[in-house]
Amino acid sequence: MNLRTKGAFSALLLLAAAAAAEVPADYLRSLDAAARSDVAGFAGFSAARGAAWFNSSNGTDWSCATCHTDNPLAGGRHAVTGRTIAPLAPAANAARLTEVAKIEKWFRRNCNDVLRRDCTAAEKGDVIAYLTSLKR
């Protein structure tokens, strides 16, 4: 294998690794534990509940879909600033949901915009279950 072929092969491996990016397992375990302590009879996260929650205004004028669109595989636009937002679903954007600090930062900001409060662990887990269930 020549140097050029090795470089192309390495680039393909990096792209494959990025495409296979996943939500950190320890983060999901911590959400699951918190949801079980907060919600009586909690039986696990639900992509269906996450989809409904993502598209619902939940008592305010905004929903997640207000900026991210009702198709998280597509890009969106911030409702106030007009700033372009990259696709939210990991299947369309391998950089999404891979770093706990970023996940928490955006949940903190967006939950406050949509709910005027922090999201619960169950809400976060359901939304993550929904976003990671989407396929291109």
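List of remarks:
- Computed from point charges on the beta carbon alone (+1 for Lys and Arg, -1 for Asp and Glu), the dipole magnitude for segment 41-136 about its Cα centre is near 220 Debye.
- Estimated at 0.36 nm per residue, the fully extended path between residue 109 and residue 135 surpasses their Cα-Cα distance by 6.8 nm.
- Residue separation of residue 40 and residue 77 scaled by 0.36 nm, minus their Cα-Cα distance, works out to 9.6 nm of gained length.
- In this structure segment 24-121 gives 56 Å² per residue of accessible area when probed at 1.4 Å with all protein chains present.
- 13 Å beta-carbon shell around residue 118, net charge (K/R +1, D/E -1): +2
- Diagonalising the gyration tensor over the Cα atoms of segment 49-130 and scaling each eigenvalue by 5 before taking the square root yields semi-axes of 17, 16, 13 Å, largest first.
- Each Lys or Arg adds one and each Asp or Glu subtracts one; over the other residues with Cβ under 12 Å from the Cβ of residue 76, this totals +1.
- Residue-count net charge about residue 34 - beta-carbon cut-off 12 Å; Lys, Arg +1, Asp, Glu -1: -1
- Label point distance in nm, residue 100-residue 55, each placed 7 Å from Cα along Cα→Cβ: 3.3
- Close amide H pairs (under 5 Å, H built 1.01 Å from N) link residue 46 with 126, residues at least 5 positions away or on another chain.
- Approximate spin-label separation residue 118-residue 30, in nm, with each point projected 7 Å along Cα-to-Cβ: 1.1
- Each residue of segment 68-76 was assigned a 3J(HN,Hα) from its phi angle through the Karplus curve 6.51 cos²θ - 1.76 cosθ + 1.60 (θ = phi - 60°); the sequence is 8, 6, 7, 10, x, 7, 9, x, x Hz, with glycine and proline shown as x.
The values are calculated or read from the model by the stated rules, or taken from the named source; none is laboratory data. Source: prediction; values computed, not measured. Note that we place each Cβ from the backbone using ideal geometry, even for glycine, and neighbour counts take in every protein chain shown. Note: areas computed on protein heavy atoms with side chains; ligands, DNA, RNA excluded. Shrake-Rupley method; radii C 1.70, N 1.55, O 1.52, S 1.80 Å.
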